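Everything on this sheet refers to the single structure shown next.
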Amino acid sequence: MRLVLNDPLAEVRVTLTAEGGSCARARQVVRDAASSWGLSEDLSDDAQLVVTELVSNGIDHGEGPITLTVSRKTGGMLVEVHDESPKQPQLRPVDPSSARGRGMQLVQALSVRWGTTPGDDGKVVWAELAS
C-alpha cells in the first residue's frame, strides 16, 4: 500500500481488526504517511513504535474494531487509536521481572505529549510526535 497525500494536513484513517497482523498494518500506514509528508526517518521510526504499542493495547485491552488515525501536524504527526472500551490505559512502574507492562512508558518517552479522550463509544488514545 502506497499513500500519496497532496494536502499537507491530510488525515489517514483505517479500521483494523483485533489481530496480530494489525500492528504490522498500522506501522505501514504510519511509515507511508511519514514518507509522503517528508518527515524524518527518526520520527517515522518513533511513530511506528508508538503505534505498535497503542494498537496492541487496543487489541489486548479494548473492545470492537480499532480505528487508527494519523494526522500531519506542524513539525510532526498525531497518532490516534480508537477502541470501544472505556477502560483507560495505565502508566505503571516497570516491573523488571515482567516481560510486559513497559508500553505506555515507551509511548510517554517517545511522544511530545500523549493522553486519552473518552467518548460515548469508547476512547481514543493519542500521541503527538515531533522531529
Condition broken by Gly103, with the remaining ones in (1) at pLDDT below 85; (2) open to solvent by 60 Å² or more (accessible area, probe 1.4 Å) satisfied | (2)
If we scan segment 114-127, do we find a residue that is closer than 21 Å to Ala10 by Cβ, open to solvent by 60 Å² or more (accessible area, probe 1.4 Å) and touching a residue at least 60 places away in the same chain (Cβ under 8 Å)?
-> no
Answer yes or no: is there a residue in segment 108-118 that is closer than 20 Å to Ser40 by Cβ, modelled with pLDDT of 95 or more and assigned to a strand (DSSP E or B).
-> yes
Could you please tell me which pairs satisfy a Cβ distance under 6 Å, a separation of 6+ or placement on different chains, a first residue in segment 41-59 that is farther than 15 Å from Glu128 by Cβ, and a second residue that is among the aliphatic types (A, V, I, L, M) and surrounded by fewer than 24 Cβ atoms within 10 Å (Cβ to Cβ)?
-> Ile59/Ala18
Within segment 34-60, the residues that are over 17 Å from Leu110 (Cα atoms) and either open to solvent by 50 Å² or more (accessible area, probe 1.4 Å) or modelled with pLDDT of 95 or more (or both) are Ser35, Gly38, Asp60
Across segment 14-30, what is the total count of residues that are surrounded by fewer than 18 Cβ atoms within 10 Å (Cβ to Cβ) and either more than 12 Å from the chain's Cα centre (by Cα) or hydrophobic (A, V, I, L, M, F, W, C) (or both)?
-> 8
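The values are calculated or read from the model by the stated rules, or taken from the named source; none is laboratory data. The model shown is predicted, which means the values in this text are computed figures rather than measured ones. All Cβ positions, glycine included, derive from the backbone under ideal geometry; neighbour counts span all protein chains shown. For the accessible areas, the whole protein counts, side chains as well, though only heavy atoms, and no ligand, DNA or RNA atoms are used. Shrake-Rupley method; radii C 1.70, N 1.55, O 1.52, S 1.80 Å.
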